[in-house]
Amino acid sequence: MGFFKEIAEVLGYTEAQLALGYHYINYNGAAVYIEGVKRILRIDGEEMVFQLPRGVLHVAGNGLTVDRLCGAAVLLRGEIEEVFTDADARKKRKDKESAT
């Protein structure tokens, strides 16, 4: 049994729900492993952007490189500063606007 499948079972997700989602692990800011990538939207040393089944995932940092790409899984290396979705970015903007 895989790590993500075990966690999904603990959380009560079905295999169908698991297949429709995405997962990532940030390894101490040195690497990020992502599953559920549909398409790569942007690759550069400071930001990589991935289309997911239900949105977009951004990885920001310095010296970012694609170490491995296999099907819907990607391993990135570099100085990882932030991992966020478009929904996270919209919420930050909205919170900032309402604070002013």
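The values are calculated or read from the model by the stated rules, or taken from the named source; none is laboratory data. Model, not experiment: these values are computed from the prediction. Glycine gets a Cβ as well: all are built from the backbone with ideal geometry, and neighbour counts include every protein chain shown. These area figures cover heavy atoms from the full protein model, side chains too; ligands, DNA and RNA do not enter into them. Shrake-Rupley method; radii C 1.70, N 1.55, O 1.52, S 1.80 Å.
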Given +1 on the Cβ of Lys and Arg, -1 on the Cβ of Asp and Glu, and no further charges, what dipole in debye does the chain carry about its Cα centre, rounded to the nearest 20? 340 debye
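For the stretch 57-100, what % of the accessible area comes from carbon and sulfur atoms, probe 1.4 Å?
On the way: 1530 of 2980 Å².
Of all accessible area on the stretch 57-100, carbon and sulfur atoms account for 51 percent.
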Let me check against my output: what whole-number percent is the relative contact order of the chain, with C-alpha pairs under 8 Å and at least 6 apart? 21 percent
222 nm [θ] for the chain, helices only, -39500 (n - 2.57) per DSSP H run of 4+, per residue, to 500? -8000 deg cm²/dmol
Sorting ASN28, SER98, ILE43 by the position of each Cα along the dipole of the chain (Lys, Arg +1; Asp, Glu -1; all at Cβ), the one nearest the positive end of that ordering is SER98
What is the percent of Cα-Cα separations in the stretch 41-100 that go past 13 Å? 65 percent
How big is the chain on each of its three principal axes, counting only the C-alpha atoms and giving the largest first in Å? 46, 33, 25
